[in-house]
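Just so you know, all these numbers are worked out from the coordinates, no wet-lab data involved. On a predicted model such as this, the values are computed, not experimentally measured, just so you know. Every residue, glycine among them, receives a Cβ derived from its backbone with ideal geometry; neighbour counts consider all protein chains shown.
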């Protein structure tokens with residue numbers, strides 16, 4: 001999944017707009033109605049929450065950011081006609097041996113799996129999977145995810161992954177949520193797409209850039225060279241908390257954060 005506003009277009013012509021939410025948070029949105037469009041992006045809804053120093057936010061700013069992510073989840077699940085009681089699969093993509101590629105993995109670990117929890121205060125049916133990467137498993141991510149979708153009768157898959165950006169100021173500072181699906185490893189290789197078209201279930205993607213591919217920003221580089229900042233670990237820890245807290249709050253509104261943490265199980 002790419003950042004939608006990093007190509008050379010005047011996005012306002014296509015309905016793109018930005019809203020200053022205060023507290024160093026900018027909300028950007030774009031809805032693409034047709035696959036055949038000049039932007040080159042797939043049909044779907046795209047939302048971005050960004051700031052200059054997300055992982056340096058104080059508690060008040062952090063709580064507001066979590067709530068904004070919850071609001072986006074509410075808007076997009078409503079568009080997709082998904083209920084909180086539907087069977088949801090959270091998929092954390094990436095290689096946990098590489099810090100910059102571990103955002104999806106770390107976020108997925110922190111999401112509360114409620115699929116088999118018997119509780120009067122939550123009716124959510126969340127299951128989760130960390131499929132790892134093909135070089136470690138011998139199986140492509142699509143095969144693993146699609147098998148679970150069919151076996152468990154999933155209604156929505158939420159795919160979480162690290163992104164690659166062209167702008168160093170975006171590293172760890174922009175949360176993009178969309179309904180268009182994604183290609184695992186799409187930044188540097190060609191995996192099989194995970195989307196409504198390929199799985200026959202609704203799909204949302206949540207991504208934050210933690211890497212820059214020098215090939216995309218310099219004509220002098222003729223191969224993929226991925227660079228990351230040295231404080232990626234701290235940024236990924238913070239951002240994975242933001243996204244996992246939002247997912248947990250959205251699907252389990254009656255549970256407190258303390259209760260959610262007590263119910264969490266390792267993956």
- Query: What is the extension gain from residue 225 to residue 120, computed as 0.36 nm multiplied by their sequence separation minus the C-alpha to C-alpha distance, in nm to one decimal?
  - Reply: 32.8 nm
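Considering only DSSP beta bridges where both residues belong to the chain, give the percentage that are antiparallel (nearest 5).
Numbers: 23 of 43 bridges.
Beta bridges within the chain, antiparallel portion: roughly 55 percent.
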- So, with points 7 Å from each Cα along the Cβ direction, the residue 34-residue 19 label distance in nm works out to 2.7
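Rank these for me by crowding, 105, 70, going from fewest to most other beta carbons within 10 Å. Spell out each step's value before the answer.
Values: 105 24, 70 18.
Lowest to highest Cβ neighbour count: 70, 105.
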- Item | Order by protection proxy (mean Cβ within 10 Å, highest first), peptides 217-223, 10-16, 247-253 | 247-253, 10-16, 217-223
- Message: Need one number: nm distance between label points at residue 27 and residue 152, each 7 Å from Cα along Cα→Cβ, rounded to one decimal.
- Response: 3.0
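Could you work out how much longer the chain between residue 63 and residue 135 gets when fully extended? Use 0.36 nm per residue separation minus the Cα distance between them, nm to one decimal.
Details: separation 72, 0.36 × 72 = 25.92 nm, distance 3.77 nm.
Answer, rounded to one decimal: 22.2 nm.
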- Query: Among [x] -0.97, -1.05; [y] -1.01, -1.19; [z] -0.83, -1.14, which is the computed log10 I(q)/I(0) by the Debye sum over Cα atoms at q = 0.13, 0.15 Å⁻¹?
  - Reply: [z]
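Among 91, 180, rank each residue by its count of other Cβ atoms within 10 Å, from fewest to most, as a rough exposure measure.
Details: 91 26, 180 21.
Listing 91, 180 from fewest to most nearby Cβ atoms yields 180, 91.
Among DSSP beta bridges whose residues both lie in the range 1-130, state the antiparallel percentage, nearest 5. Provide the component values of the computation, followed by the final result.
Numbers: 12 of 17 bridges.
Counting DSSP beta bridges with both partners in the range 1-130, the antiparallel share is about 70 percent.
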- Message: Quick check: the distance between the Cα centres of the range 192-267 and the range 116-161, to the nearest angstrom?
- Response: 15
